[in-house]
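Student: First the structure, then my questions, so here it is.
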Amino acid sequence: MRKKSIGLLVILVIIIIGLILQPFLISKDFKSILDIDFTKVDKILMSSGTYGKTVEITDKDEIEEFLNQFENTKVKKIFSKSKQRGYCLEARLFINDKNVVSFDYGYDRITIYKNDKETKYISNTNIDIDKINEIEIKYNLRN
């Protein structure tokens, strides 16, 4: 009977550890993590971490084009207590003049800021330096 109790306890501990580690092991769709209706986004404030310049995007087609670059992006949480050293690009999404979510990204890292909470993720999609340069040039984010 004692061996059976120990076996059940071990199984229970394994299940609990699995549940705790699940967000770090299983990829999720980036857009679903943000949990907002992208068709309602009416403004994006985009900032360059390199140049410190910010631009406001309100054109629906440009907003859709920007958000579509994350269409097939999957992310997993990463456990990191280190302070962020900077970012390549930051996007603050607005619906009816209310900032609903912000995220900064570059290369394979994405940090989401929602409800005063910061969560770091690693992405399956590497946003290369050419794409970042293209965005900075398109939106005149360079000095």
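What follows is calculated from the coordinates using simple rules that are stated; it is not laboratory data. A quick note: this is a predicted structure, and the numbers were derived from the prediction, not measured. A quick note on method: Cβ atoms are made from the backbone with ideal geometry, for glycine too, and the neighbour counts reach across all protein chains shown.
Student: Give me the one-decimal nm value for the distance between modelled label points at SER5 and THR119, 7 Å along each residue's Cα-to-Cβ direction.
Tutor: 3.9
Student: Work out how much length LYS53 to GLN69 would gain on full extension: take 0.36 nm times their residue separation and subtract the Cα-Cα distance, in nm to one decimal.
Tutor: Here the answer is 3.7 nm.
Student: Report the relative contact order of segment 28-138, percent, no decimals, based on alpha-carbon pairs under 8 angstrom and at least 6 residues apart. Present the calculation step by step, with values, prior to reporting the outcome.
Tutor: On the way: 189 pairs, mean separation 28.3, N = 111.
Normalised by residue count, the contact order of segment 28-138 is 26 percent.
Student: If you add up the charges near ILE36, with Lys and Arg at +1 and Asp and Glu at -1, over every other residue whose beta carbon is less than 11 angstrom from its beta carbon, what do you get?
Tutor: +2
Student: Run through segment 1-78 and list the GluC sites (Glu not before Pro) located in a DSSP loop whose Cβ has at most 12 other Cβ atoms within 10 Å.
Tutor: Listed in order of number, the matching sites are GLU71.
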